[in-house]
């Protein structure tokens, strides 16, 4: 289920870390500014403000890309390209406070392009499936049973269409609210729900629960 | 159906936001940003002035137009309704034909006299009645519920989906009212059950009816591949051209252009092949197919010595691009 949000921030990151304190120390007063204020400064070509935005949201972007892809492959390229694109198009962002979700949508689009490309290559018999790197997804502290479940889930998710895969991952792995899923995936709420339901139905049918001892 | 019991993901997922990685990406980003500084927005001080000028010009043109209409003695017929019965017995009847001179640019409503039901309407005001064959009404398609065939296809049962399609009016009927996404599903169904022509039809529909849809470029490329395999080289060439047009910066642009060249060669169209080869050399000077294309072109032109002397291009593209450019003859 989605987590309750106490801030109006649209997205929440699970498993990431906040860099706000670190950036505040490093960048002085600029590090204390809110996203909308930073975006306004970036529009005036303030490089420091953009660096603060980058360091504040890089972790979110990296984790988002890895979890949708199921691997850390080219993830630095994706995040690099996403921030570069964000920098070039910052004038198109109407609400500076939604920088995080806007950036997330850029990351999702970049990942989706790669997923589709891999899928098309696979369909044409030119490449194997998109490899899932369990070590990239699961933390070192995760137990073997949890890792096995994650491996199974990602193996199933891998067979979904990129759009369904993205929607389901954002909802059930990243634990975003439905509205945030729609925003990140660049589709309507109804479409996001439809994709999630379709993916969920497939996973529910094919997921095999771990063996448990029957009750005596 | 029960949901899969997922583990506690917050603790099970790895965090990739390490300081080293963030710093590494920033170094690249910083150097790129230094090269391409953001362009300041163009000042828009002239916009209000331009709007005023455009508005003023519109007013002048409108006034001029109105003046022309008045000079042409255009009488507002609808403002003064009359019937043929009235017209026959009033002094105005004698004047009316001259007064109701046909304007140079008559407005449609001015041709419609007000009728009281007693007179014969003017012939020109009544369009001829033509018997139009009425197509049989299609069964209503619920918008909120997926058709059975789509549900089955999404569940991984293309044969079942195809059978359901046959029961619900057939594949072709579904093509006519499918969305772009549904057409892609129909394409997959057609391909899965071995009806390639139907798969081709579905892809064509996506390209022709939904060129702005995100599936269109993908559909065009797949269409080119299918037609190429079916031996329709001209069709494949057109489909690859459509892909390049729909996705000029797409991942498969280089490959599509090379395959256009291949199709032109297969068709024996040397001028077209030369054109594609020139385009390829211009757009992809380090393209992996460049040397092969040059060789083939030289061979077609009857210059084997030239073909021998064309140096091999270095493979400078990445792994994925190499896979894309790999020869894929049927």
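Structural remarks
For every residue, the table says whether it meets (1) at pLDDT 90 or above; (2) outside any helix (DSSP H, G or I).
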| position | (1), (2) |
| --- | --- |
| B:239 | yes, no |
| B:243 | yes, no |
| B:286 | no, yes |
| B:296 | no, no |
| B:316 | no, yes |
| B:323 | no, no |
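- Put simply, of B:197, B:211 the only residue that is at pLDDT 85 or above and under 23 Å from residue B:255 (Cβ atoms) is B:211.
- Taking the criterion of being more than 14 Å from every other protein chain (Cβ to nearest Cβ) and either in a helix (DSSP H, G or I) or crowded, with 24+ Cβ neighbours inside 10 Å (or both), the residues of the stretch B:206-226 that qualify are B:206, B:207, B:208, B:209.
Yes/no per residue for (1) buried (at least 19 other Cβ atoms within 10 Å of the Cβ); (2) at pLDDT 65 or above; (3) within 7 Å of another protein chain (Cβ to nearest Cβ):
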position: B:3; (1), (2), (3): no, no, yes
position: B:9; (1), (2), (3): yes, no, yes
position: B:18; (1), (2), (3): no, yes, no
position: B:22; (1), (2), (3): yes, yes, yes
position: B:27; (1), (2), (3): no, yes, no
position: B:32; (1), (2), (3): no, yes, yes
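- Residue in the stretch B:246-266 that is within 24 Å of residue B:181 (Cβ to Cβ), surrounded by fewer than 16 Cβ atoms within 10 Å (Cβ to Cβ) and either in contact with a strand residue (DSSP E or B) (Cβ under 7 Å, 6 or more places away or on another chain) or within 14 Å of chain A (Cβ to nearest Cβ) (or both) present: yes
- Residue check for residue A:151: surrounded by 21 or more Cβ atoms within 10 Å (Cβ to Cβ) and modelled with pLDDT under 85: no
- Count of residues meeting criterion [under 21 Å from residue B:188 (Cβ atoms), assigned to a helix (DSSP H, G or I) and either without any contact (Cβ under 8 Å) to a residue 40 or more places away in the chain or in contact with a strand residue (DSSP E or B) (Cβ under 8 Å, 6 or more places away or on another chain) (or both)] in the stretch B:227-237: 4
The values are calculated or read from the model by the stated rules, or taken from the named source; none is laboratory data. All of these numbers come straight from a predicted model, not from anything done at the bench. Neighbour counts run over all protein chains shown; Cβ positions are idealised from the backbone, glycine included.
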